[in-house]
1. Give the residue that is modelled with the highest pLDDT, with candidates limited to residues of the stretch 9-39 that are open to solvent by 80 Å² or more (accessible area, probe 1.4 Å) and among the acidic types (Asp, Glu).
2. From TYR376, TYR368, TYR331, grab the single residue that is without any contact (Cβ under 8 Å) to a residue 24 or more places away in the chain, part of a helix (DSSP H, G or I) and surrounded by 13 or more Cβ atoms within 10 Å (Cβ to Cβ).
3. List the pairs whose first member sits in the stretch 146-167 and is outside the structural domain of LYS42 (by the TED database) and among the aromatic types (Phe, Trp, Tyr), whose second member is modelled with pLDDT of 90 or more and open to solvent by less than 30 Å² (accessible area, probe 1.4 Å), and whose Cβ atoms are under 6 Å apart, counting only residues at least 6 apart or on separate chains?
4. I'd like to verify a number: residues in the stretch 206-233 that are open to solvent by 40 Å² or more (accessible area, probe 1.4 Å) and within 20 Å of LYS264 (Cβ to Cβ), how many?
5. List the strands (runs of 3 or more DSSP E) inside the stretch 49-144, counting only whole elements, that have at least 1 residues being among the charged types (D, E, K, R).
6. Cβ-Cβ under 9 Å, sequence separation 6+ or interchain: first residue in the stretch 178-202 and closer than 15 Å to ASP246 by Cα and in contact (Cβ under 8 Å) with a residue 60 or more places away in the chain, partner in a helix (DSSP H, G or I) and among the hydrophobic types (A, V, I, L, M, F, W, C). Which pairs?
7. Pull up the stretch 143-161, narrow it to residues that are polar (S, T, N, Q) and crowded, with 19+ Cβ neighbours inside 10 Å, then point me to the one that is modelled with the lowest pLDDT.
Amino acid sequence: MEIISKNERNSNERTVCSLKEIEKRKIVEHNDLITSVAKMDKTPLKIFELAVSCIDTENLPKDNTIYLSKEELFTFFDVSDNGKHSRFKEAISKMQEQAFFEVREAKNKGFKFRRILPIPTVEWTDYDDKVMIRFNQDIMPYLIELKQNFTQYALSDLIDLNSKYSIILYKWLSMNYNQYEHYSAKSGRRAEQVESYRNPSITVKELRVITDTVKDYPRFDNFETWILKKPIEEINAHTHFNVTYDKIKKGRSIDSIVFHIEKKRTADDNSYKLDDQAYIEDKKQKEETEKDLVFEAMKSKYTQILLENMLLSPYEMTDTALMAGLQAHVYPLYDELKDLRGLNGVKDHLSYVASKQEDYSKRNVAKYLKKAIEQYLPIVKRQDLS
């Protein structure tokens, strides 16, 4: 079945696709495509994403072909001037002459690489609103065979992203946050594994690969400006995410980046669950559990030691999620150390941690402290055995 615009279904009615209609669309792509190298600039990449949003995986397009209206394209790119038709032709030409994906698939002990021109055929006329787009058959498995390892995100989130780096980074963040939401709703992953999807890490080397900047921006400060700071400013301003990041050093160089993703609240979040008694009871239970954890954390001697070492501030103590996290995931590990080395052993450990703390770790206190004690405990246990 062909996916066609309203214009194609009713040739007597000229319909201009509105932003409201675009906001209803979702894009679904295989994770291998998300982590591929997009050898193209912003405009061809956005045309590809818009076209993918028209694929109905329940009713696959005949001959890998979908139809868009020119007005829909111009609305998506917010183009309204007299030169929009010539710019459209220029964008299509550039996409077909220069744009391709370099897809990496894990094979044995390495990767298998494929270069795929995603849209080899585009047809339109100067008297009709319709644009025909035919996908390369080699790209289709990454768009329709989506039983596992796929990512879904809103087309509307891409409208105001003005660089290819913003789009690429947004898709990668969506891939990770989708997994966080998936595993938060079902068992099968440890709590720290689930949290790692909301706080994903990537090496600078790998980030350069997926953004196609291996040879660009050799100075890290320039790389950070154009691949991290500016894209994240756009993502925070125009998408469903609020994102921050920490730079992780290895030696004297920045080795990797840890992102922290929060989803913006919307008016209808969970509104469909408000009459679900099971949901209400579960939500109430979680709130009570968090309240109990915070109460215990406030009384804990470990909280006082953290304050004394300036690893925790009075302001941070007002963050109930942080305090509940410390009580649930960090303080039990301090109990283990206390059993092995006494309370002074815990104090010595936290004094050392405070002396080694750097600025990049301060915005994620619980994770930093948990990692530090997880690394230290095995050393103590080995010492006791020997």
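1. GLU23
2. Values: TYR376 fails: without any contact (Cβ under 8 Å) to a residue 24 or more places away in the chain; TYR331 fails: without any contact (Cβ under 8 Å) to a residue 24 or more places away in the chain.
After ruling out the rest, the residue left standing is TYR368.
3. Sorted first by the residue in the stretch 146-167, then by its partner, the pairs are TYR165/THR211; TYR165/ILE227; TYR165/PRO231.
4. Counting residues in the stretch 206-233 that are open to solvent by 40 Å² or more (accessible area, probe 1.4 Å) and within 20 Å of LYS264 (Cβ to Cβ) gives 3.
5. Numbers: elements: 65-69, 100-107, 110-116, 121-124, 130-134.
Hits in the stretch 49-144: 100-107, 110-116, 121-124, 130-134.
6. PRO200/TRP172; PRO200/LEU173; PRO200/MET175
7. Of the stretch 143-161, the ones polar (S, T, N, Q) are 148-149, 151-152, 156.
Pick out the ones that are also crowded, with 19+ Cβ neighbours inside 10 Å and you get 151, 156.
On the way: THR151: 91, SER156: 87.
The qualifying residue modelled with the lowest pLDDT is SER156.
The values are calculated or read from the model by the stated rules, or taken from the named source; none is laboratory data. On a predicted model such as this, the values are computed, not experimentally measured, just so you know. With ideal geometry, Cβ positions are generated from the backbone for all residues, glycine too; neighbour counts draw on all protein chains shown. Accessible surface is based on the protein model in full, side chains and every heavy atom, while ligands, DNA and RNA are left aside. Shrake-Rupley method; radii C 1.70, N 1.55, O 1.52, S 1.80 Å.
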